[in-house]
Amino acid sequence: MLEPGGVLHLLCFSDDEPPGWGPRRVSEAELRSTFADGWQVEAVVGATFETNLPQGDVRAWRASFSRASGS
């Protein structure tokens, strides 16, 4: 459990990445709604995973959420 005021940093596959191999894609709206109660959205920014795969880098979300006081 994250203490109030603590910060969670998250990197996940973006829904902008074409379907196929790899984990399930996540939308910005899904991230924001998942962390709507008891959290403060600090940032949700487009990012990439650097890979050595033939298809190149993978589109991702880099997000930070802080735990609200009293949650």
Checklist outcome for this item: Taking Ser69, Ser27 and ranking on accessible area (1.4 Å, protein atoms only), highest first, one gets Ser69, Ser27
Item to check | Solvent-accessible area, 1.4 Å probe, carbon plus sulfur percent, for the chain | outcome: 53
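If Phe65, Phe35 are ordered by their accessible area, calculated over protein heavy atoms with a 1.4 Å probe, which sequence runs from highest to lowest?
Phe35, Phe65
Compute the FRET efficiency between Glu3 and Val45 as 1/(1 + (r/R0)^6), taking r as their Cβ-Cβ distance and R0 = 25 Å, and round to the nearest 0.05.
About 0.55, to the nearest 0.05.
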Checklist entry - All other residues with a Cβ under 12 Å from the Cβ of Ala43 taken together, and with Lys, Arg as +1 and Asp, Glu as -1, what is their net charge? => result 0
Checklist outcome for this item: SASA check, Arg67, accessible area w/ 1.4 Å probe, all protein chains in place, rounded to nearest 10 Å², comes out at 50
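For Leu10 and Gln55, compute 0.36 nm times the residue count separating them, minus their Cα-Cα distance, and round to one decimal in nm.
13.9 nm is the gain from fully extending Leu10 to Gln55.
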Next on the checklist: For the chain, set up a GNM with springs between Cα atoms under 10 Å and report which of Ala29, Ala47, Ala60 has the largest fluctuation.
Outcome noted: Ala29
Next on the checklist: Which residue fluctuates most in the GNM of the chain (Cα springs below 10 Å): Leu53, Leu11, Leu31?
Outcome noted: Leu53
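Taking 8 Å as the Cα distance limit and 6 or more residues as the minimum spacing, I'd like the relative contact order of the chain as a percentage.
44
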Next on the checklist: Using C-alpha positions alone, give me the convex hull volume of the chain per residue in cubic angstrom.
Outcome noted: 90
Next on the checklist: Under 10 Å, Cα contacts only: if you run a Gaussian network model on the chain, which one of Trp39, Trp61, Trp21 comes out with the highest mean-square fluctuation?
Outcome noted: Trp21
Next on the checklist: At 222 nm, what value in deg cm²/dmol follows for the chain if DSSP H runs of at least 4 each add -39500 (n - 2.57) and the sum is divided by all its residues, to the nearest 500?
Outcome noted: -2500 deg cm²/dmol
Item to check | Estimated vicinal HN-Hα couplings, Hz - segment 33-43 in sequence order (Karplus 6.51, -1.76, 1.60; Gly, Pro = x) | outcome: 6, 4, 9, 6, 9, x, 9, 10, 6, 8, 6
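The values are calculated or read from the model by the stated rules, or taken from the named source; none is laboratory data. It should be emphasised that the depicted structure is a prediction, and the values quoted were computed from it without experimental measurement. Every residue, glycine as well, gets a Cβ built from its backbone with ideal geometry; the counts of neighbours run over all protein chains shown. When the accessible area is computed, the model is the full protein with side chains, heavy atoms only, and any ligands, DNA or RNA have been set aside. Shrake-Rupley method; radii C 1.70, N 1.55, O 1.52, S 1.80 Å.
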